[in-house]
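The next block holds one structure in the form of structure tokens; read it before the comments.
Values quoted throughout were computed directly from the atomic coordinates according to the rules given, and no laboratory measurement underlies them. None of these values were measured; they are calculated from a predicted model. We place every Cβ from the backbone using ideal geometry, glycine too, and count neighbours over all the protein chains shown.
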Ligand code: N7H
């Protein structure tokens with residue numbers, strides 16, 4: 001069976017305009033200030049480059065959309081049919097009282113995105129498998145207690161009770177996928193309990209308060225963050241190659257030193273295999289196995305899951321190398337993208353990290369000393385990345401700089417843009433002192449505007465030298481390999497709220 005999907009979401013300005021036709025729509029304010037102000041207004045807080053957002057393709061002066069419509073399909077033909085149908089509904093108008101009326105809407109920007117072809121299927125343009133790690137979500141799809149939203153597939157982590165005052169072990173969907181309360185992503189449901197040492201994942205986990213958008217009609221809706229992120233693939237690959245050469249990196253197993261450097265910048269190999277489970281070389285069997293590719297923590301060892309005797313849904317990852325954990329950041333550096341944006345069970349080092357505090361904690365961000373897992377779980381995102389633009393001929397060993405506009409359409413759902421997307425960006429990715437002083441910014445998505453007007457980015461990484469001995473290396477780049485070129489903050493309503501907005505109820 002072939003499917004086609006459509007989603008629609010509105011900016012705060014769009015909802016404000018609809019108030020004329022739906023009186024009382026915004027009698028109760030939306031609580032999230034970021035949503036109310038919109039991405040263009042908040043862009044400077046995210047470290048976006050000078051000229052943002054006015055120079056953007058969408059979301060700045062060139063095209064300021066009120067509504068975003070996402071259309072996806074299993075086939076290009078069905079996609080084209082649906083896009084035509086929607087464009088017709090916008091432009092063809094309709095007849096009322098014998099008059100032909102336009103819809104009043106116009107398309108300000110249109111962007112094609114698609115899964116990349118061939119070996120890059122499922123990967124983003126730098127070459128890495130994307131869409132691996134997502135939060136699991138507590139909740140039932142029906143009144144049947146077995147009809148769970150996220151299947152518990154880790155037999156070792158099934159709502160284990162807390163014992164002797166110790167919190168229970170996290171209930172997980174896929175191994176490594178901690179289950180969160182649905183209010184983190186959809187309004188009207190309980191959120192996570194962020195108290196340190198809260199029994200947030202025990203058999204009777206204590207939920208936090210209900211997630212409220214503000215207006216009651218927003219129940220079952222979600223905030224949608226959209227970022228159009230241009231990727232400089234040749235520039236990124238050239239950096240990997242130069243860094244490997246300058247630091248005498250030699251992959252002892254494959255000789256592919258630039259790919260090894262890339263694995264330390266991301267925290268995973270191109271196949272998706274986590275460096276914590278496979279430090280020396282890529283391992284596509286591990287990368288492609290979703291029972292194994294996310295089963296690791298930073299704070300301690302993660303045991304392999306033995307083959308379950310009879311349960312058809314349970315995972316095993318017996319075949320894969322175990323993860324020893326990495327509190328010291330020697331294998332998955334503190335600056336690695338996946339550690340920056342989701343530090344899992346990380347807590348602060350007692351030794352003060354790299355020692356050099358580069359600047360003050362960003363306004364509104366907590367001190368590193370308070371980092372703990374229950375709180376980290378309140379800063380999660382449900383992500384979907386869709387590549388746009390033609391594939392590049394560049395590889396880490398043979399970089400090609402072709403100056404083509406390609407990148408990622410980044411989408412993330414959450415119930416607080418301030419506490420989730422903006423927090424992850426400002427307090428973690430762009431903060432050179434997170435999670436340890438001097439760790440540097442996220443090498444993939446970090447955005448910085450320095451006091452001297454430059455965009456120079458610094459980060460500390462750890463890469464094995466020609467003998468395989470980990471060496472700590474301070475890296476610097478003038479380039480933004482990921483550059484925001486558009487986006488917006490939207491609210492995606494429930495179906496019943498859409499009916500209400502369209503005057504059907
Ligand atoms: Fe990131 N990349 O290819 O290097 N990301 N990301 N991201 N990202 C992830 O687990 C990438 C971006 C997150 O749970 C992977 O799906 C690129 C933004 C989070 O362990 C890879 C871009 C933000 C995770 C990439 C980009 C995030 C994550 C590993 C932009 C939020 C989950 C595969 C062009 C502000 C971490 C996976 C976890 C994973 C890449 C953007 C956040 C390979 C190229 C803007 C939360």
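Structure notes:
- Each peptide in 224-232, 134-142 was scored by the mean count of other Cβ atoms within 10 Å over its residues; highest first, the order is 224-232, 134-142.
- Segment 88-131, relative contact order [Cα under 8 Å, separation at least 6], %: 21 percent
- Remark: relative contact order (segment 1-98) = 37 percent; criterion is Cα-Cα distance under 8 angstrom and separation of 6 or more residues.
- Protection proxy ranking of 331-344, 485-498, 468-481, 33-46, by the mean of other Cβ atoms within 10 Å over each peptide's residues and highest first, is 331-344, 485-498, 33-46, 468-481.
- Each peptide among 290-298, 9-17 gets the average number of other Cβ atoms lying within 10 Å of its residues, and from highest to lowest they stand as 290-298, 9-17.
- The Rg/Rh ratio for segment 378-489 is 1.00, where Rg is the radius of gyration of the alpha carbons and Rh is the Kirkwood radius.
- Rel. contact order, % - alpha carbon contacts under 8 angstrom, at least six apart, the chain: 21 percent
- Nearest-ten-degree value, helix 76-91 long axis tilted from longest Cα axis of the chain: 40 degrees
- Measuring spread by the Cα atoms of segment 206-313 yields a radius of gyration and Dmax of 20.4, 59 Å.
- Per residue, the convex hull around the alpha carbon atoms of the chain comes to 171 Å³.
- Geometric descriptor of segment 1-120, per residue, is 187 Å³ (volume of the convex hull of the Cα atoms).
- The Cα-based radius of gyration and maximum Cα-Cα distance (Dmax) for segment 303-351 are 14.9, 46 Å.
- Normalising by residue count, segment 66-110 has a Cα convex hull of 76 Å³ per residue.
- If you wrap the Cα atoms of segment 339-428 in a convex hull and average its projected area over all directions, you get 8.7 nm².
- Degrees separating the helix 257-266 axis from the principal Cα axis of the chain, which is the longest one: 60 degrees
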